[in-house]
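Below is one structure, written out as structure tokens, with a few remarks after it.
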Amino acid sequence: MNDSSWGTPQTGYWGPPDHGPGQGTAPAGPAYDAHYAQQTRPMPVVPDVPDHGGDQDVDRGAARLSGPLFRDETPQARPHRGEVPQNPEPMPDAPQPAPAPQKKTAGRDLGAAIGVGVGLGAVIIASLFVVKAVFVGVVAVAVVVGLWELTSRLRERRGINAPLVPLALGGAAMVAAGYAGGAEGAWVAMALTTLAVLVWRMTAPPEGYLKDVTAGVFAAFYVPFLATFVAMMLTADDGAWRVLTFLLLTVVSDTGAYAVGWRFGTHKLAPRISPGKTREGLLGAIGFAMAAGALCMEFLIDGGSWWQGLLLGLAVAASATLGDLGESMIKRDLGIKDMGTLLPGHGGIMDRLDSLLPTAPVVWLLLVLFVGSG
């Protein structure tokens, strides 16, 4: 609305002038009354509340619409000049403080993981250098527990009933046969275990027979057969040092992958299989394992040299990573995070054997090629 359309405003309100018909300014009568009424019709009363900014509106003599009448807000008392508001409203465009950066975590109970790892290492090393047969027993027990975890998860998540009894008996016999009879003994035990799985499953209804025995044969190869190569390493004259080299390189590879990947990892290695693994972590595994391999071959293995250790470390990093990804693939297919809960901070036995099992035949073969089987 334009104020000028209503004439020049007077002080106070816009109404009739002080001089009226009784003062002789205009003739009285109907014509004058109609003219007077047209010229003095009242303007709507508008609240005279100045908007923010003040003096320029007073100079114009214009009233503005403002206040809570036209906003969804509660009227508040305006502070006097120079007074600080009690609860000032934040400016809509004011920059918000950046969220505090989150610290990286390992995702597990690190203290429990370290404690369990040290305890297992002490048991393994003690049995390895005291009585070799005791170490073979430790391997057999780990195989049986790993088979129990694997078959239990297959049954719970997919309804696959791989027969545990022939697998457990055949798996323990397979490790012992590998230690006593070498590769030939391991293959014979593997064949007999497969046959036992086929026969044992015949006692149940035929529905699901093929998937059950297929899973059983897979479990027999994946866990006990690969573990027999650890027992076969032990048969050499420096067998304890060979097994220790195998264990050290695998652990160092995993540690290097974790340390470098946690600190510098940005590029995913296989996001669909294991989102936590990175290419930087793989480089860390290779570097750590090659350095440890050079030291082990130079100082622990009879007739070994540092350059052979570099190749051995590279092969261990590759096989350990593939083994870890392989079990991650199985767990993703089953929809689980860990194979078990026996080891606090680690998961199950199979969660510790995942990188060791496929690495055992690689180390056994390269050591035979480099320094012989004696």
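Rule-based calculations on the coordinates, nothing more; no lab input. The model shown is predicted, which means the values in this text are computed figures rather than measured ones.
Multiplying the residue separation of Trp187 and Lys337 by 0.36 nm and subtracting their alpha-carbon distance yields 50.8 nm. Fully extending the segment from Phe129 to Phe264 would add 44.8 nm, taking 0.36 nm per residue of separation and subtracting the current Cα-Cα distance.
Taking θ as phi - 60° and the Karplus parameters 6.51, -1.76 and 1.60, the scalar couplings of the range 285-290 work out to 4, 5, x, 5, 5, 5 Hz in sequence order, x denoting glycine and proline.
Converting phi to 3J(HN,Hα) with the Karplus coefficients 6.51, -1.76 and 1.60 and the offset θ = phi - 60°, the range 298-315 yields 7, 10, 10, 9, 5, x, x, 9, 5, 5, 5, x, 4, 5, 4, x, 4, 5 Hz in sequence order, with x at every glycine or proline. Scan around Lys277 for amide H atoms under 5 Å from its own, H built in the peptide plane at 1.01 Å from N, and keep only partners 5 or more places away or cross-chain. Amide H neighbours of Lys277: Leu269, Ala270. In order along the range 168-174, the phi-based Karplus estimate (6.51 cos²θ - 1.76 cosθ + 1.60, θ = phi - 60°) of 3J(HN,Hα) comes to 5, 5, x, x, 5, 5, 5 Hz; Gly and Pro are listed as x.
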